[in-house]
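A short worksheet on the structure shown next.
Every read-out reported here was derived from the displayed coordinates using simple, explicitly stated rules and does not represent laboratory data. These figures come from a predicted structure and were not determined experimentally. Neighbour counts are summed over all protein chains in view; Cβ atoms, including those assigned to glycine, are modelled from backbone coordinates with ideal geometry.
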Amino acid sequence: MKNKFATKFQAVADDLTNPKLVELQNRLDEIQRNGMTALTMRAVLFQKMLDAYQVPEDHFLRDSETPNRIDDPSIINRLEQLGFSKKQQHQIH
């Protein structure tokens, strides 16, 4: 049982030392110190998700209320039902 407990939380300890995550956390802390709230960040991340799914600027989803959980899979299902798809990360020439 002792080993299970230590293994269960190993990933969290690894994450704390990951340079990219430390840098991201520092940037987020700085943004919050400069006055941006967590709710505003959530709204910005929702708009970025709509960007990733190529939702036009004048689409009704852009004006809708930001969902409480932007990681809810039903949001992506709805985007796909409306015919939106995620941008390809690498353009093929």
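Restricting attention to region 24-60, the residues being under 30 Å from L82 (Cα atoms) and outside any helix (DSSP H, G or I) number 7. Here region 13-22 is the region considered, the condition is being assigned to a helix (DSSP H, G or I) and more than 16 Å from the chain's Cα centre (by Cα), and the residue that is nearest to L45 (Cα to Cα) is V22. Number of residues in region 25-49 that are surrounded by 14 or more Cβ atoms within 10 Å (Cβ to Cβ) and touching a residue at least 24 places away in the same chain (Cβ under 8 Å) equals 3.
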